[in-house]
Amino acid sequence: MNQAHYSVVIVGAGPTGLILANFLGQYGIQTALIERNPSTVDEPRAVSIDDESLRTLQAIGLIDQVLPDTVQGYGVHYYSWTGELFARIEPTSTEYGFPKRNAFRQQVLVRQLRDGLQRFPQVTPLFEHELTRFTQDAQAVQLEVNHAGQRKTLSCDWLVACDGGRSPVREQLGIALTGSTYAEKWLIVDLLDRTSAFRHTRTYCDPARPAIRLPGPHGVVRYEFMLHEGEDPQQVLDEAQLRGWIAQRETSDAQLAITRKVVYTFHARVAERWREGRVFLAGDAAHLTPPFAGQGMNSGVRDAANLAWKLAAVVQGRSAAALLDSYQTERQPHARALIRMAERIGSFMQPKSKFAARLSQGALKLISLYPPARDYVLHLKFKPKPRFFEGFFVPAPASAPLPAGQLLPQPWVELPGCKRVRLDQVLGSGFAALRWADAPGPLGHSAGLDLRQVRVLRQSEDFLPARGSDPGVLVVRDCEGVLGALLDQAGADGVLLRPDRYVLAYLPRGAHQMPAALQALLTAFAGRAQ
Ligand SMILES: Cc1cc2nc3c(=O)[nH]c(=O)nc-3n(C[C@H](O)[C@H](O)[C@H](O)COP(=O)(O)OP(=O)(O)OC[C@H]3O[C@@H](n4cnc5c(N)ncnc54)[C@H](O)[C@@H]3O)c2cc1C
C-alpha cells in the first residue's frame, strides 16, 4: 500500500494547529492534522482573546460562528491591597476591527475551529493519532504515527509542530527553551451560573493572596489565586477553603457549581530556534507566556497567520523556501515582547509585601493624575504593536505614521449602495493593493505577486457611475477617514498588503510601477519551492 504524502502535516489540534489547518485548507494545500486525543481538548484554558486574533478568525471565515460565544470589549479593574480600585484598563478603540479584550472559552473555540475544517476536502484531520517519531532529509519528512496500537507511516514536505508547551517534536530536535519558570503556582477555579452581571476582570493586587476574577460568556466565571511558597497544591484544592477565598472577593460566587479546579505552574520561555530544516515550531511549542496578560494563545494565533501564507506560497511554487526563514525573524521578537509585558503585569499583580504593594500601587496612582499616562494604561497602549523590525517587507519612509511591517488597521469601508463592511472583507485572502481611486494608471503585476486591486475613494468623495466601471477593480469609500490619514502622512498613493494584512510596502505618489525595492524583494523570493 502506498504511504500517504501531504504537503504539510500539522501536529496538534490546539488553537494554533487548528487555525493553521483552516488557513491551509483555505489556500487549497494538502494537509493532515494529527492529534493524539479523540477530539479537541475540553480543558478550559484561555479566557481572553484579543482583537488581532478575532481578525484572524475573520480571515479564516469563522468570525460569525465565534462571536456569539464571545463577550466583546471587557476591561480589567485593579484593586489595591486595601481593596481600593486604583487602576483600570478599558480600551474603547477597535483599530483592527474588533474590541481589544474579549472574553471567550478556549474549549468552545477549538470545537468551532475543528468543525470549520469540514469545509476543506484537502485537510485530513487524524484524531487518535500520535506522532511518535520523525526523520527528515532534503526532500521530505517521514513520520511514524501510533493509531489504536498500530504503527502507521506517512510523509510530508513540511511539518509544523503545534504540539504544545511540552512539544515532543521540539524535544526530538533538541531545541532548548530559554527563559524562566515562575516560582509561584496558581490555583484556577472555574464556576458556572454566576449571578453578578459585572463584566470586567477584577485583579486583586493583594500580597496576602493575589487573585483574579474573570467573568466569561454563558455565565461562567473563573478565579485565579496565587499560592505562596510552601503551600501544598493538593491542600489548596480543598473545596471549603477555596470557596472561602472566593467569598472574600464576591460572596454571590461562593456557592456556584465548580466545573474545574487545578493548580498550574507558569513559564516565560522561548524556543531558541523555530525552524530546523523542514520542521517548524508554532504556538506553545515555540513560546510559553505566563497568562497574566492573556496572550499565550493569541501569540500562537499570530504564528499560524504568519506561517500559513508563506507555506502556501512555497508549496504552490510561488516563492522560494527562503521565505520561510522570515517566520522566526518576524515572529520571535514580538512573542518575546509579549512575554515581557506579561511578566511586568505579573509582578505588579503579585506584590511580595504590603510595602511593595504600597509603592507600586501608589506610583501608578500618581502617574495616573497625568492624563496621557492614564490613557496609556486605560487604553492598553503599553501592549507591543503587531510590528516586525526585519522580514518580508520594504521599509517605509520615515514620515509614515504606520511603519511597513506593521499590521494595517481595519476600518469599516463603504461599498457602492452605502453598505459598510470591515476592510478585510474586500481584500480577499492573498496579497492586495489599496490605492486612491484617482491614482494614475493600473499597477503592473510583478514576480508572481497575484494582487487583488482595490481603489479607495476619500472620505469627502462620492461614488460616481464611471468610477466603478473596471470589472477587475473594486472601489470602496474610506468612510471613517482612517486610510486617508495613513496614506497622506506617508506621502503615498497606496499601500501593498501581505495576506496576513501587514504592510508590505507603500506606493509613492504618482507611481505606476511597483517600487524598485519591492521588485528586488520579490525577485529574491520568487522561484520554485525547494
Ligand atoms: C490557566 C491558563 C489560562 C490561560 N489563559 C489564556 C488567555 O486568557 N489568553 C491566551 O491567549 N492564552 C491563555 N493561556 C494560554 C493558552 O491556553 C495556550 O497558549 C494555548 O493553548 C496554546 O495553544 P497550542 O495550540 O499552541 O497548544 P496546545 O493547546 O497545548 O495544543 C497542543 C496539542 O498537541 C497535541 N499533541 C501533543 N503532542 C502530540 C503528538 N506527539 N501527537 C499528536 N498530538 C500531539 C496535544 O494533545 C494538544 O491537543 C492560558 C493557559 C492556561 C494554562
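The values are calculated or read from the model by the stated rules, or taken from the named source; none is laboratory data. Everything numeric here is computed off the predicted structure, so don't read it as measured data. Please note: Cβ atoms are built from the backbone with ideal geometry, for glycine as well, and neighbour counts cover all protein chains shown. Note: accessible area is taken over every heavy atom of the protein model, side chains too, but ligands, DNA and RNA are not part of it. Shrake-Rupley method; radii C 1.70, N 1.55, O 1.52, S 1.80 Å.
Observations, loosely collected:
- Scope the range 293-321; condition under 30 Å from SER347 (Cα atoms) and either within 9 Å of the ligand (Cβ to nearest atom) or not in a helix (DSSP H, G or I) (or both); matching residues: ALA293, GLY294, GLN295, GLY296, MET297, ASN298, SER299, GLY300, VAL301, ASP303, ALA304
- Just one of the numbered conditions (1) more than 13 Å from the ligand (Cβ to nearest atom); (2) outside any loop (DSSP other than H, G, I, E, B); (3) open to solvent by 20 Å² or more (accessible area, probe 1.4 Å) is not true of GLU229: (2).
- When LEU237 is tested against (1) within 16 Å of the ligand (Cβ to nearest atom); (2) closer than 23 Å to ALA342 by Cβ, exactly one condition is not met: (2).
Here is a yes/no grid of residues against (1) in contact with a helix residue (DSSP H, G or I) (Cβ under 9 Å, 6 or more places away or on another chain); (2) open to solvent by less than 30 Å² (accessible area, probe 1.4 Å):
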residue	(1), (2)
GLN112	yes, no
PHE120	yes, yes
ALA140	no, yes
SER167	yes, yes
THR178	no, no
LEU191	yes, yes
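- Residues (surrounded by fewer than 16 Cβ atoms within 10 Å (Cβ to Cβ), free of Cβ contacts under 8 Å to residues at least 60 places away in the same chain and among the hydrophobic types (A, V, I, L, M, F, W, C)) located in the range 474-522: ALA516, ALA520
- Total residues in the range 256-275 satisfying the condition of being assigned to a loop (DSSP other than H, G, I, E, B) and either free of Cβ contacts under 8 Å to residues at least 12 places away in the same chain or among the aliphatic types (A, V, I, L, M) (or both): the figure is 2.
- In the range 4-21, residue farthest from the ligand (Cβ to nearest atom) [restricted to those that are over 17 Å from HIS129 (Cβ atoms) and crowded, with 24+ Cβ neighbours inside 10 Å]: ILE19
- The strands (runs of 3 or more DSSP E) found wholly in the range 115-184 and carrying at least 1 residues that are within 26 Å of the chain's Cα centre (by Cα) occupy 123-127, 129-136, 150-161.
- For ASP284, the conditions (1) of a type in the set (Asp, Glu); (2) surrounded by fewer than 20 Cβ atoms within 10 Å (Cβ to Cβ); (3) within 22 Å of LEU109 (Cβ to Cβ) all hold with the exception of (2).
- Scanning the range 399-443 for residues that are open to solvent by less than 30 Å² (accessible area, probe 1.4 Å), modelled with pLDDT under 95 and acidic (Asp, Glu) yields a total of 0.
- Every pair of residues 6+ apart whose Cβ atoms lie under 6 Å, when the first sits in the range 276-290 and is touching a residue at least 60 places away in the same chain (Cβ under 8 Å) while the second is of a type in the set (Val, Ile, Thr) and open to solvent by 10 Å² or more (accessible area, probe 1.4 Å): ALA282/THR16; GLY283/THR16
So that you can scan it fast, the table gives a plain yes or no per residue for (1) among the polar types (S, T, N, Q); (2) open to solvent by less than 30 Å² (accessible area, probe 1.4 Å); (3) outside any helix (DSSP H, G or I):
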{"site": "ARG344", "(1), (2), (3)": "no, no, no"}
{"site": "LYS352", "(1), (2), (3)": "no, no, yes"}
{"site": "LEU369", "(1), (2), (3)": "no, no, yes"}
{"site": "ALA373", "(1), (2), (3)": "no, yes, no"}
{"site": "PHE382", "(1), (2), (3)": "no, no, yes"}
{"site": "LYS385", "(1), (2), (3)": "no, no, yes"}
{"site": "VAL394", "(1), (2), (3)": "no, yes, yes"}
{"site": "PRO397", "(1), (2), (3)": "no, no, yes"}
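For (1) crowded, with 23+ Cβ neighbours inside 10 Å; (2) within 10 Å of the ligand (Cβ to nearest atom); (3) in contact (Cβ under 8 Å) with a residue 60 or more places away in the chain, each residue gets a yes or a no:
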residue: PHE23; (1), (2), (3): yes, no, yes
residue: TYR27; (1), (2), (3): no, no, yes
residue: SER39; (1), (2), (3): no, yes, yes
residue: SER80; (1), (2), (3): no, no, yes
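- Unmet requirement for PRO471, which otherwise passes all of (1) at pLDDT 90 or above; (2) surrounded by fewer than 19 Cβ atoms within 10 Å (Cβ to Cβ): (1)
- Just so you know, in the range 1-59 the residues that are part of a loop (DSSP other than H, G, I, E, B) and among the β-branched types (Val, Ile, Thr) include one that is modelled with the highest pLDDT, and it is ILE29.
- In this structure, ASP206 does satisfy being more than 16 Å from the ligand (Cβ to nearest atom), surrounded by 15 or more Cβ atoms within 10 Å (Cβ to Cβ) and of a type in the set (Asp, Glu).
- Scoring VAL220 on the criteria (1) free of Cβ contacts under 8 Å to residues at least 60 places away in the same chain; (2) in contact with a Lys or Arg (Cβ under 8 Å, 6 or more places away or on another chain) leaves a single failure, condition (1).
- Scanning the range 41-58 for residues being open to solvent by less than 20 Å² (accessible area, probe 1.4 Å), near the ligand (Cβ under 7 Å from one of its atoms) and not small (Gly, Ala, Ser) gives a total of 1.
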